[in-house]
Protein chains: 2
Amino acid sequence: MRTVTTLLSILMMTSFVYDVISDNPGTTPHLSEIFVGRCWDYKLIKYKQSMSVDVNCEALWEDFFKAFSFQAPCSLAMENYQEFMEQARQDLPIDKAMFWSGTYVIAHEYAQDSGRYVTLEDTLIGYLANSIVWCGSASDPSGMNSSRCPSWTDCPLEASESFWAAASATFAKSAKGKVTLVLDGSRDGKPAYSRQSFFAKHELPNLDETVEVVILVTHTLGGPVRETCTNGSIVDLTDDIKSRNLVFECLDDPPAIVHLLCADDPEARECRLVKRHLLPGGEKPESDLPSLLNNPPSRFT
Amino acid sequence: MRTVTTLLSILMMTSFVYDVISDNPGTTPHLSEIFVGRCWDYKLIKYKQSMSVDVNCEALWEDFFKAFSFQAPCSLAMENYQEFMEQARQDLPIDKAMFWSGTYVIAHEYAQDSGRYVTLEDTLIGYLANSIVWCGSASDPSGMNSSRCPSWTDCPLEASESFWAAASATFAKSAKGKVTLVLDGSRDGKPAYSRQSFFAKHELPNLDETVEVVILVTHTLGGPVRETCTNGSIVDLTDDIKSRNLVFECLDDPPAIVHLLCADDPEARECRLVKRHLLPGGEKPESDLPSLLNNPPSRFT
């Protein structure tokens with residue numbers, strides 16, 4: 001009886017997952033406004049200091065739109081986005097490129113919007129397209145399909161998969177110095193490193209031969225520790241890096257990432273601190289300048 | 001001689017600071033595109049799940065533009081933004097509102113784009129206006145001054161200060177349950193709590209009487225610890241909270257925030273962990289489902 005119930009639940013979950021896959025949304029409404037707004041926001045405000053870029057945002061939208069509009073979504077080559085990629089590509093700061101595979105959340109928290117590292121999503125190309133949905137339509141007057149875009153399993157080359165493949169390759173080609181890859185050694189049902197991942201297919205093959213790879217393997221607080229730098233699929237990764245003749249190192253649970261995970265669960269046993277914070281009375285001297293000069297009034301004071 | 005040099009440096013710094021203050025930029029270029037793009041992005045993508053809102057973004061821009069355009073920037077009342085605030089205001093999730101004063105960076109890192117807490121900048125009103133510059137012009141055909149906007153010291157009521165005062169009041173009025181205030185007990189030359197701050201002037205007076213205030217006092221790693229829950233300006237704050245008859249508690253260096261600070265400086269002595277992470281071999285069971293069902297292919301795998 002219990003087996004039947006379990007089987008039924010699995011079947012129901014399968015059907016649920018299938019529905020989710022097949023019930024894809026269409027192109028995000030107001031796509032051009034979101035795209036153009038993000039572009040000016042990136043260039044003039046959010047990444048003005050850290051990732052400056054010289055683009056005309058209206059022209060960039062035209063390049064992007066031309067790549068997929070009025071076309072069937074299932075037969076779009078990476079080359080379609082070539083002109084867009086060339087207009088939008090940026091130099092990456094040395095030692096700052098961060099790759100992620102199955103670790104979107106923690107890698108981006110660590111990267112801190114380019115404050116610590118630069119992910120693909122911190123480059124203009126990735127920032128513009130992140131979390132939006134788009135695909136072409138050969139029949140709709142708008143050139144886009146607003147009711148349903150195919151999933152990545154529906155067809156071999158699909159509008160946004162081609163885009164992300166080209167974006168990943170562009171990003172990897174621009175990385176210089178030490179590059180960091182964040183992997184999850186606690187994944188349930190999937191290896192930390194897969195040869196089918198974007199990193200394996202589009203990024204590793206495009207890294208410059210002078211690049212050094214730093215692999216960071218994180219684990220869920222409280223475990224399980226399924227894979228580490230020295231076992232499981234990460235050995236495949238180090239083999240693949242060696243075949244490219246790249247220098248690399250691998251670290252399990254770097255303390256900076258453990259601390260970030262601990263912010264969500266300070267009571268976990270991996271998170272206990274040796275001592276509490278300093279007691280009152282510090283060593284840093286007070287400033288000589290009147291406080292108004294140090295801190296002109298603003299909404300941040 | 002040394003005194004003369006010091007005086008000269010102070011004068012030069014004063015002049016430098018004055019230049020920075022008087023050399024304000026004008027209205028951010030492409031303001032309407034950035035505003036409208038942010039609005040659809042907020043509503044349809046970035047905060048769709050956590051902070052849903054029912055607005056028409058084009059109409060909202062009209063409300064915003066009407067509030068300050070074709071007017072001298074130095075005489076703008078908070079009431080000008082009233083219609084905009086009413087159209088854009090949102091309910092806040094209970095126990096999630098987070099206020100900051102002099103702690104923009106760490107408070108926002110902790111809040112995590114509404115993942116843990118909701119700051120003013122995670123509401124539509126704050127998200128739209130964050131880091132943009134705008135002011136009106138009575139003479140320019142665009143209705144906006146694109147060459148220079150006054151600073152907050154230049155005139156008593158200025159376009160964006162009035163906006164942020166009204167936004168802060170709107171945010172405080174919507175807070176429910178426990179509200180969190182993050183203060184910095186290590187500030188150089190300024191108190192952790194000032195009665196001239198936005199929190200004191202526009203937020204505390206507008207909190208509902210049923211609200212409970214949780215004060216979190218953070219300190220720079222390695223000190224100095226200038227003020228804590230029980231001394232300095234934080235005593236003024238607790239007096240002000242008591243005059244409003246609100247329930248409150250105060251915590252110095254909550255571990256979650258210490259961990260976030262430690263991500264930037266894991267070697268600091270406050271950051272040492274009692275023990276390293278678990279060794280390989282974990283307790284969490286593998287899933288029964290085939291991995292494809294658990295993890296349909298996407299760019300995040």
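The values are calculated or read from the model by the stated rules, or taken from the named source; none is laboratory data. Bear in mind that the values here come from a model prediction, so they are computed numbers and not experimental data. Glycine also receives a Cβ, built like all others from the backbone with ideal geometry; neighbour counts cover every protein chain displayed. Protein only, heavy atoms only, side chains kept; ligands, DNA and RNA dropped before computing areas. Shrake-Rupley method; radii C 1.70, N 1.55, O 1.52, S 1.80 Å.
Number of residues in the range B:243-281 that are farther than 17 Å from A:Ala263 by Cα, small (Gly, Ala, Ser) and modelled with pLDDT of 95 or more equals 1. Identify, from the list B:Ser131, B:Ser75, the residue that is polar (S, T, N, Q) and at pLDDT 95 or above. Answer to the check: B:Ser131. The residues of the range B:82-119 that are under 19 Å from the mean Cα position of the chain (by Cα) and farther than 23 Å from B:His259 by Cβ, listed by number, are B:Met85, B:Ala88, B:Arg89, B:Gln90, B:Asp91, B:Leu92, B:Pro93, B:Ile94. Looking only at residues of the range B:228-238 that are among the hydrophobic types (A, V, I, L, M, F, W, C) and either open to solvent by less than 10 Å² (accessible area, probe 1.4 Å) or not in a loop (DSSP other than H, G, I, E, B) (or both), we find that the one that is farthest from the other protein chains (Cβ to nearest Cβ) is B:Leu237.
Taken over the range B:254-268, the criterion of being within 7 Å of chain A (Cβ to nearest Cβ) and not in a loop (DSSP other than H, G, I, E, B) is satisfied by B:Pro255, B:Ala256, B:Val258, B:His259, B:Leu260, B:Cys262.
Only residues that are out of contact with any strand residue (DSSP E or B) (no Cβ under 7 Å at 6 or more places or on another chain), within 11 Å of another protein chain (Cβ to nearest Cβ) and in contact (Cβ under 8 Å) with a residue 24 or more places away in the chain were counted across the range B:196-226, and they come to 11.
Every condition in (1) touching a residue at least 40 places away in the same chain (Cβ under 8 Å); (2) away from chain A (no Cβ under 14 Å); (3) within 22 Å of the chain's Cα centre (by Cα) is met by B:Lys173 except one, and the failing one is (1).
Does B:Val225 satisfy the condition of being assigned to a loop (DSSP other than H, G, I, E, B) and open to solvent by less than 10 Å² (accessible area, probe 1.4 Å)?
Numbers: assigned to a loop (DSSP other than H, G, I, E, B): yes; open to solvent by less than 10 Å² (accessible area, probe 1.4 Å): yes.
So B:Val225 fits the description; yes.
Would you say B:Asp19 is more than 10 Å from chain A (Cβ to nearest Cβ) and modelled with pLDDT under 50?
Details: more than 10 Å from chain A (Cβ to nearest Cβ): yes; modelled with pLDDT under 50: yes.
Yes; evaluated as a whole, the condition is true for this residue.
What residue, among those in the range A:28-60 that are within 17 Å of A:Ser137 (Cα to Cα) and open to solvent by less than 50 Å² (accessible area, probe 1.4 Å), is farthest from the chain's Cα centre (by Cα)? Filtering the range A:28-60 for residues that are within 17 Å of A:Ser137 (Cα to Cα) and open to solvent by less than 50 Å² (accessible area, probe 1.4 Å), the one farthest from the chain's Cα centre (by Cα) comes out as A:Ser32.
Against the numbered list (1) touching a helix residue (DSSP H, G or I) at 6+ places or on another chain (Cβ under 6 Å); (2) of a type in the set (S, T, N, Q); (3) within 11 Å of another protein chain (Cβ to nearest Cβ); (4) without any contact (Cβ under 8 Å) to a residue 24 or more places away in the chain, B:Gln112 comes up short only at (1). Going by what's in this entry, would B:His202 be described as crowded, with 18+ Cβ neighbours inside 10 Å, out of contact with any Cys (no Cβ under 9 Å at 6 or more places or on another chain) and modelled with pLDDT under 95? So B:His202 does not fit the description; no. Evaluated against (1) closer than 24 Å to A:Arg299 by Cβ; (2) in a strand (DSSP E or B), B:Leu251 falls short on exactly one condition, (1).
Inside the range B:50-99, residues that are closer than 22 Å to B:Gly26 by Cβ, of a type in the set (Ser, Thr, Tyr) and touching a Gly at 6+ places or on another chain (Cβ under 9 Å) make up a count of 1. Taking the stated definitions as given, is B:Arg38 out of contact with any strand residue (DSSP E or B) (no Cβ under 7 Å at 6 or more places or on another chain), basic (Lys, Arg) and modelled with pLDDT of 95 or more? Judged against the criteria, B:Arg38 is a match.
Cβ-Cβ contacts under 9 Å between residues 6 or more apart (or on different chains), taken from a first residue in the range A:52-75 that is of a type in the set (Lys, Arg) to a second residue that is part of a helix (DSSP H, G or I), are listed as A:Lys66/A:Asn80; A:Lys66/A:Glu83; A:Lys66/A:Phe84.
With A:Asp113, A:Asp95 as the choices, which residue is under 30 Å from B:Ala111 (Cβ atoms), open to solvent by 60 Å² or more (accessible area, probe 1.4 Å), touching a Lys or Arg at 6+ places or on another chain (Cβ under 7 Å) and not in a helix (DSSP H, G or I)?
On inspection, the qualifying residue turns out to be A:Asp95.
Within the range B:117-139, the set of residues being surrounded by fewer than 21 Cβ atoms within 10 Å (Cβ to Cβ) and in contact (Cβ under 8 Å) with a residue 12 or more places away in the chain comprises B:Gly126, B:Ile132, B:Val133, B:Ala138. Within the range A:239-263, can you find the residues that are free of Cβ contacts under 8 Å to residues at least 12 places away in the same chain and open to solvent by 30 Å² or more (accessible area, probe 1.4 Å)? Answer for the range A:239-263, where residues must be free of Cβ contacts under 8 Å to residues at least 12 places away in the same chain and open to solvent by 30 Å² or more (accessible area, probe 1.4 Å): A:Asp239, A:Lys242, A:Ser243, A:Pro255.
Taking the range B:138-165 as the range and being within 21 Å of the chain's Cα centre (by Cα) and of a type in the set (S, T, N, Q) as the test, the residues that pass are B:Ser151, B:Thr153, B:Ser160, B:Ser162. In the set (1) assigned to a helix (DSSP H, G or I); (2) open to solvent by less than 10 Å² (accessible area, probe 1.4 Å); (3) touching a Phe, Trp or Tyr at 6+ places or on another chain (Cβ under 7 Å), the condition left unmet by A:Glu161 is number (2).
The number of residues in the range B:164-178 that are hydrophobic (A, V, I, L, M, F, W, C), part of a loop (DSSP other than H, G, I, E, B) and surrounded by fewer than 19 Cβ atoms within 10 Å (Cβ to Cβ) comes to 0.
Residue by residue through the range A:27-49, note down the ones that are at the interface with another protein chain (Cβ under 7 Å from one of its Cβ atoms) and over 13 Å from A:Ser131 (Cα atoms). Step through it out loud before you land on a result.
Here is the first cut: in the range A:27-49, the ones at the interface with another protein chain (Cβ under 7 Å from one of its Cβ atoms) are A:28-30, A:33-34, A:36-38, A:40-41, A:44-45.
Within the range A:27-49, A:His30, A:Glu33, A:Val36, A:Gly37, A:Trp40, A:Asp41, A:Leu44, A:Ile45 qualify.
Would you check if A:Asp63 is surrounded by 15 or more Cβ atoms within 10 Å (Cβ to Cβ), under 19 Å from A:Asp41 (Cα atoms) and charged (D, E, K, R)? Yes: the conditions hold for A:Asp63.
On inspection, A:Ser142 does not qualify as in contact with a Leu (Cβ under 6 Å, 6 or more places away or on another chain), among the hydroxyl-bearing types (Ser, Thr, Tyr) and surrounded by fewer than 23 Cβ atoms within 10 Å (Cβ to Cβ). Of B:Val105, B:Val133, all but one fail to be within 11 Å of another protein chain (Cβ to nearest Cβ) and farther than 28 Å from B:Asp54 by Cα; the exception is B:Val105.
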